[in-house]
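Data first, discussion second: the structure below is written as structure tokens.
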């Protein structure tokens, strides 16, 4: 079944392909589906933003769609960057955002560097029914970027001694916030079928 991912983020699309294609979904990005809109994320929560994106794409296509909103919440920064993760501090790229976080965290001791990634998924089936789920993964903020894999804040998010940019796709896809949200979604989808 064709499933449109309401995103053009190459890293995100790659992860969804790895996670969903084995279940029989034909994953296409928003661009591949011929949709050239940028849904404004006016929500104040990840759940509101993912619902806005999913509903906008579904309205245009009447095709099954999955939208997510995700970000990094750092305890020492009162939950920043949070829903503003992708546009944190007015930065224009991942390297700038990572540098900003590291600068803000420079005097924070190790035991207070706790953080988690959050991912909310809003899924709209072909028939218009909607499912919303959330997944999280907990770790710490490192002291410098490490690793070549991943995207976004992965190089500074430490999980069991390694950054998310140091672990392989298979391991990340087993433990990430997106994977945990997707597991919750798959559980709901399969329980509806039964």
TODO: Check the range 184-194 and report whether any residue there is surrounded by 14 or more Cβ atoms within 10 Å (Cβ to Cβ) and either at positive phi or assigned to a loop (DSSP other than H, G, I, E, B) (or both).
DONE: no
Task: Condition met for residue 36 (more than 24 Å from residue 147 (Cα to Cα), out of contact with any helix residue (DSSP H, G or I) (no Cβ under 9 Å at 6 or more places or on another chain) and either assigned to a helix (DSSP H, G or I) or at pLDDT below 95 (or both)) - done: yes
Open item on the list: Tell me whether the range 53-73 contains one or more residues that are surrounded by fewer than 15 Cβ atoms within 10 Å (Cβ to Cβ) and touching a strand residue (DSSP E or B) at 6+ places or on another chain (Cβ under 8 Å).
Closed with: no
Open item on the list: Against the definition (modelled with pLDDT of 95 or more and closer than 28 Å to residue 51 by Cβ), how does residue 131 come out, yes or no?
Closed with: yes
- [ ] Looking at (1) farther than 27 Å from residue 164 by Cα; (2) surrounded by fewer than 16 Cβ atoms within 10 Å (Cβ to Cβ); (3) within 17 Å of the chain's Cα centre (by Cα), find the lone condition where residue 39 falls short.
- [x] (2)
- [ ] Identify all residues within the range 1-11 that are surrounded by fewer than 19 Cβ atoms within 10 Å (Cβ to Cβ) and either at pLDDT 90 or above or assigned to a helix (DSSP H, G or I) (or both); write none if there are none.
- [x] 2, 10, 11
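Residue-wise test of (1) surrounded by fewer than 20 Cβ atoms within 10 Å (Cβ to Cβ); (2) out of contact with any strand residue (DSSP E or B) (no Cβ under 7 Å at 6 or more places or on another chain).
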| site | (1), (2) |
| --- | --- |
| 113 | yes, no |
| 117 | no, no |
| 136 | yes, no |
| 147 | yes, no |
| 162 | yes, yes |
TODO: Looking only at the range 87-99, decide whether some residue is within 23 Å of residue 179 (Cα to Cα), over 15 Å from the mean Cα position of the chain (by Cα) and assigned to a strand (DSSP E or B).
DONE: no
- [ ] Would you point out which residue out of 152, 135 is in contact with a helix residue (DSSP H, G or I) (Cβ under 6 Å, 6 or more places away or on another chain) and in a loop (DSSP other than H, G, I, E, B)?
- [x] 152
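The values are calculated or read from the model by the stated rules, or taken from the named source; none is laboratory data. In this text the structure is predicted, and so the values were computed from the model without any measurement. Backbone-built Cβ (ideal geometry, glycine too); neighbour counts: all protein chains shown.
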